[in-house]
Amino acid sequence: QLKSRATRAAGGDAEAEYELALRYSAGRGVPKDDRLAAEWFEKAAVHGLAPAQYNLGVFLDNRIDENGYPTAGNRDAAIEWLSRAAAQDLPRAQIKLAEIYAERDDSPKHCIAACAWFLRAAARANGVHRHRASAGFERVSGQLTPAQIATARCLAGADSKGKAEAPLALADYL
């Protein structure tokens, strides 16, 4: 099965590329190799597979090298890949992107965008992911004015109860 998957991945099958990335990332059936994992995640991400885009974004944002030492990471590239996955309505990507924006202190716009992504994720997620998105929104929205919260709700395409209405490219807001 691994050989078949590797053959399909080499032929450009995004699902097979993603499966190989997961295997190399975890060392499942193959030696653990973060460099190969990143390469396969990127191949699958380029083919538009949202979970691969998410994992590549997290990998790039991790800021820990393969030896466990801190590195600079690549926050801009991480945001780009997470944004692509979030635009495909992958709640965990929306949450991670919101958390990155919430960490930034340089503009209230980042907090508004964080709240919008948290709202969109909460409207689509289940279980612990919904709780994480709701808690993130509550934490960050406490720093905003009512008008800024209204802007976040509008950007999220959410009504006052947090239900999703229409998706909007939040990247255009920033």
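The values are calculated or read from the model by the stated rules, or taken from the named source; none is laboratory data. Keep in mind it's a predicted model, so treat the numbers as computed, not measured. Cβ atoms come from the backbone with ideal geometry, glycine included; neighbour counts cover every protein chain shown. Areas reflect the complete protein model, heavy atoms only, side chains present, ligands, DNA and RNA absent. Shrake-Rupley method; radii C 1.70, N 1.55, O 1.52, S 1.80 Å.
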Q. Which ones in the range 46-65 are modelled with pLDDT of 95 or more, open to solvent by 40 Å² or more (accessible area, probe 1.4 Å) and not in a helix (DSSP H, G or I)?
A. His47
Q: Spot the failing condition for Lys43; the list is (1) in a helix (DSSP H, G or I); (2) open to solvent by less than 80 Å² (accessible area, probe 1.4 Å); (3) within 18 Å of Leu82 (Cβ to Cβ), and only one is missed.
A: (2)
Q. Only one residue in Arg84, Arg104 is farther than 21 Å from Gly11 by Cα, open to solvent by 20 Å² or more (accessible area, probe 1.4 Å) and in contact with a Cys (Cβ under 9 Å, 6 or more places away or on another chain), so which one is that?
A. Arg104
Q. Taking the range 9-40, which residues are open to solvent by less than 40 Å² (accessible area, probe 1.4 Å), in a loop (DSSP other than H, G, I, E, B) and without any contact (Cβ under 8 Å) to a residue 12 or more places away in the chain?
A. Gly27
